[in-house]
Amino acid sequence: MQKISQKLGEHYSETFKQFGSTSEGVDWGSDEAKLHLRYRKMLAVMDNHPSTPVRARPSLLDVGCGFGGLLQYANNMGLDFDYTGIDVAQNMIDWAASAHPEGRFFCQDFLDFEPEKNFDYVVCNGILTQKLDTPGREMDDYAQKLIRGMFEVCRSGVAFNAMTTRVNFFSDNLYYRDPLGLAAWCIAELTPHFRIDHAYPLYEYTIYLLKEPR
């Protein structure tokens, strides 16, 4: 397991142990509405999914799935897709697998994950907003490995969020990345087909990377 992944796993295992399957349990504060907003931003990568006989029911991999909150939110919204979640926090994965038998869950570092098949969509909600005490350059390298890995195993698109540098206050434990700089890296290394959503009322943004233009 990667050192940064292990640190994050230990951190989120403790928050989940303390707060359970809540917004605070994934260290997003006490406002559940903000958590749901982040879920909506992740699922927006599936907008305009092509309906074909081969892929009538899209598949989605949730990297850093926590307690399976994204799947629960999707169920509540009446959304139907083939869900797989992966996380390094064992207590979260155990809870998610028990609460959501309709999904598949793996307790593993995504950077060591070798799926048997690719997924239509891959999302990552929160891993790239938290760095704890990791030095910035190490976190940059980790982030880029993670993003590249997600893009490699997706068939249609990827969504992930990061803290924006367009703020007037910085917290030492959070991972801030200039949105234009990160977008430039994605264009140069992965795909020209992308968009950034920086317009919602949180101190972050979501980047969407697509295999082909829509």
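Here is a check on your reading of the model: is D94 among the acidic types (D, E), free of Cβ contacts under 8 Å to residues at least 40 places away in the same chain and farther than 21 Å from M163 by Cβ?
On the way: among the acidic types (D, E): yes; free of Cβ contacts under 8 Å to residues at least 40 places away in the same chain: yes; farther than 21 Å from M163 by Cβ: yes.
Against the criterion (among the acidic types (D, E), free of Cβ contacts under 8 Å to residues at least 40 places away in the same chain and farther than 21 Å from M163 by Cβ), D94 qualifies.
Any residue at all in the stretch 43-57 that is among the acidic types (D, E), outside any helix (DSSP H, G or I) and either at pLDDT 95 or above or farther than 23 Å from E152 by Cβ (or both)? Break it down into steps so the answer makes sense when it comes.
First pass over the stretch 43-57, keeping only residues among the acidic types (D, E): 47.
With the extra rule that they be outside any helix (DSSP H, G or I), the set shrinks to 47.
From what's left, either at pLDDT 95 or above or farther than 23 Å from E152 by Cβ (or both): none.
No, the conditions are met nowhere in the stretch 43-57.
Can you go through F151, F194, F169, F160 and tell me which one is of a type outside the set (D, E) and at pLDDT below 95?
Criteria check complete, one pass: F169.
Just wondering, is there one or more residues in the stretch 118-137 that are surrounded by fewer than 19 Cβ atoms within 10 Å (Cβ to Cβ), of a type outside the set (G, A, S) and within 22 Å of R38 (Cα to Cα)? Steps first, please.
Looking only at the stretch 118-137, we keep the residues that are surrounded by fewer than 19 Cβ atoms within 10 Å (Cβ to Cβ), and these are 118, 132-137.
Imposing the further condition that a residue be of a type outside the set (G, A, S) reduces the set to 118, 132-135, 137.
Adding the requirement that they be within 22 Å of R38 (Cα to Cα) leaves 132.
Yes.
Identify, from the list V88, V26, V63, the residue that is in contact (Cβ under 8 Å) with a residue 60 or more places away in the chain, more than 25 Å from R155 (Cα to Cα) and not acidic (D, E).
Numbers: V88 fails: more than 25 Å from R155 (Cα to Cα); V63 fails: more than 25 Å from R155 (Cα to Cα).
After ruling out the rest, the residue left standing is V26.
Find the residue count for the stretch 152-200, including only residues that are farther than 20 Å from H11 by Cβ and either part of a helix (DSSP H, G or I) or in contact (Cβ under 8 Å) with a residue 24 or more places away in the chain (or both). Steps first, please.
Initial filter on the stretch 152-200 (farther than 20 Å from H11 by Cβ): 152-159, 164-169, 178-200.
Still in the list and also either part of a helix (DSSP H, G or I) or in contact (Cβ under 8 Å) with a residue 24 or more places away in the chain (or both): 152-159, 164, 166-167, 179-191, 197-198, 200.
Residues flagged as farther than 20 Å from H11 by Cβ and either part of a helix (DSSP H, G or I) or in contact (Cβ under 8 Å) with a residue 24 or more places away in the chain (or both) within the stretch 152-200 amount to 27.
Taking M150 as the residue in question, decide whether it is closer than 22 Å to L43 by Cβ, in contact with an Asp or Glu (Cβ under 8 Å, 6 or more places away or on another chain) and buried (at least 20 other Cβ atoms within 10 Å of the Cβ).
Details: closer than 22 Å to L43 by Cβ: yes; in contact with an Asp or Glu (Cβ under 8 Å, 6 or more places away or on another chain): no; buried (at least 20 other Cβ atoms within 10 Å of the Cβ): yes.
No, not satisfied.
The values are calculated or read from the model by the stated rules, or taken from the named source; none is laboratory data. None of the values given here were measured: they were computed from a predicted structure. Cβ sites come from the backbone with ideal geometry, for glycine too, and all protein chains shown count toward neighbours.
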